[in-house]
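A short worksheet on the structure shown next.
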Amino acid sequence: MTHRIGKTLSTLALGAALAATALSGPLVHAAQAAGASDTDQERAARWQEIAKSIFGDRQIAQTDSLVKIDAPARALDAALVPITLTMPNDGQIKAVSLIIDDNPAPYAAKFEFGPAADPAELKLRVRVNNYTDMHAVVETQDGKLYEAKQFVKASGGCSAPMGMSDEEAMKGMGDMRMKFAETQPGKPVEATLMIRHPNFSGMQMNQVTRDYTPARYIDKLTVSAGDRTVFTMTGDISIASNPVINFAFKPDGKPIQVAASDNQGGRWQHSFTPPGPTN
């Protein structure tokens, strides 16, 4: 089943909050039902509903080896929660999806890896709106699905204001930077991609006008090494503002190309030259 990640959030007018808005069928119910005092059984039932909405009837097995989630047990800032996905058997991994069960749009991001990827470790920052289970679901090269889970305590991350005007938040939108770690011959290169973009969730109130800022977020990001894809990310409102993504790739001496687009039609491209190997 193909799942369109949180598309209707781009037109949210949150006068009456989420209760009157149809998000993606059962995912709305999942968000509304969430609570800090929910039992493990209630959370498990909600996950089954979300998983069916995203993956249909495909079986998802639990794993403690193919993927692991590292997230703070209690977030210091619910709008900037650091997440590390570890996938040590990189040759087996085709894609990974991050689902934040109790967010208004639970399907936070999907990363599909290409031939230039080394997906052993992936880092990003997300918004967390409630005490919630997070699930990382990997698809292996043979088409099977496996999931890992972690519980995170946080509240209000999707509606947290950015502390500046909308105009200030959008200055330089689409600007990118990339940092590279030291390289060694025959080894993957670690990189950090930083993108200037507010990733408005549609739930944040403009502190001047008192209106809700329309959702505007990066919905697709493609990173390539030469003509080989590193990864393609499909994203939604749960990705934190000014996204930062740490990843690794297999270099071939060619520039790194980054192409990004958002749900309002914005498009940006940048090229970066990684350093040569050290002796």
Report yes if some residue within segment 222-231 is crowded, with 19+ Cβ neighbours inside 10 Å, modelled with pLDDT of 95 or more and part of a loop (DSSP other than H, G, I, E, B); otherwise report no.
no
Please state which one of Glu182, Glu168, Glu190 is within 20 Å of Val244 (Cα to Cα), modelled with pLDDT under 95, open to solvent by 10 Å² or more (accessible area, probe 1.4 Å) and not in a loop (DSSP other than H, G, I, E, B).
Glu168
Got a number for residues in segment 49-89 being closer than 19 Å to Ala108 by Cα and in a loop (DSSP other than H, G, I, E, B)?
11
Of (1) crowded, with 18+ Cβ neighbours inside 10 Å; (2) in contact (Cβ under 8 Å) with a residue 60 or more places away in the chain, Thr213 satisfies all except one. Which?
(2)
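Any idea which of Ala160, Ala248 is over 16 Å from the mean Cα position of the chain (by Cα), outside any loop (DSSP other than H, G, I, E, B) and of a type in the set (A, V, I, L, M, F, W, C)?
Numbers: Ala160 fails: outside any loop (DSSP other than H, G, I, E, B).
So the residue among Ala160, Ala248 that is over 16 Å from the mean Cα position of the chain (by Cα), outside any loop (DSSP other than H, G, I, E, B) and of a type in the set (A, V, I, L, M, F, W, C) is Ala248.
Scan segment 135-152 and give yes if some residue there is open to solvent by 80 Å² or more (accessible area, probe 1.4 Å), outside any loop (DSSP other than H, G, I, E, B) and over 30 Å from Ala61 (Cβ atoms), otherwise no. So that I can check it myself, show each step before the final result.
First, the residues of segment 135-152 that are open to solvent by 80 Å² or more (accessible area, probe 1.4 Å): 141-142, 144, 149.
From what's left, outside any loop (DSSP other than H, G, I, E, B): 149.
Narrowing the set further to residues that are over 30 Å from Ala61 (Cβ atoms) leaves none.
No; the residues of segment 135-152 include none that is open to solvent by 80 Å² or more (accessible area, probe 1.4 Å), outside any loop (DSSP other than H, G, I, E, B) and over 30 Å from Ala61 (Cβ atoms).
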Got at least one residue in segment 194-208 being farther than 28 Å from Pro106 by Cα, surrounded by 15 or more Cβ atoms within 10 Å (Cβ to Cβ) and of a type in the set (Lys, Arg)?
no
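If you take the residues of segment 53-83 that are surrounded by 14 or more Cβ atoms within 10 Å (Cβ to Cβ) and not aliphatic (A, V, I, L, M), which of them is nearest to Phe151 (Cα to Cα)? First the steps, then the outcome.
In the first step, residues of segment 53-83 are kept if they are surrounded by 14 or more Cβ atoms within 10 Å (Cβ to Cβ); the result is 53-55, 58, 60, 63, 66-69, 71-72, 75, 77-83.
Remaining after also requiring not aliphatic (A, V, I, L, M): 53, 55, 58, 63, 68, 72, 77, 82.
Working: Ser53: 21, Phe55: 21, Arg58: 23, Thr63: 16, Lys68: 12, Pro72: 9, Asp77: 16, Pro82: 13 Å.
Out of the qualifying residues, it is Pro72.
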Of (1) within 22 Å of the chain's Cα centre (by Cα); (2) closer than 27 Å to Asn89 by Cα; (3) of a type in the set (Ser, Thr, Tyr), Thr183 satisfies every one except (1)
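The values are calculated or read from the model by the stated rules, or taken from the named source; none is laboratory data. Note that the coordinates shown come from a computational prediction; the quantities given were computed from them, not determined experimentally. Note: ideal-geometry Cβ built from the backbone for every residue, glycine included; neighbour counts use all protein chains shown. Keep in mind that these areas ignore ligands, DNA and RNA; they rest on the heavy atoms of the full protein, side chains included. Shrake-Rupley method; radii C 1.70, N 1.55, O 1.52, S 1.80 Å.
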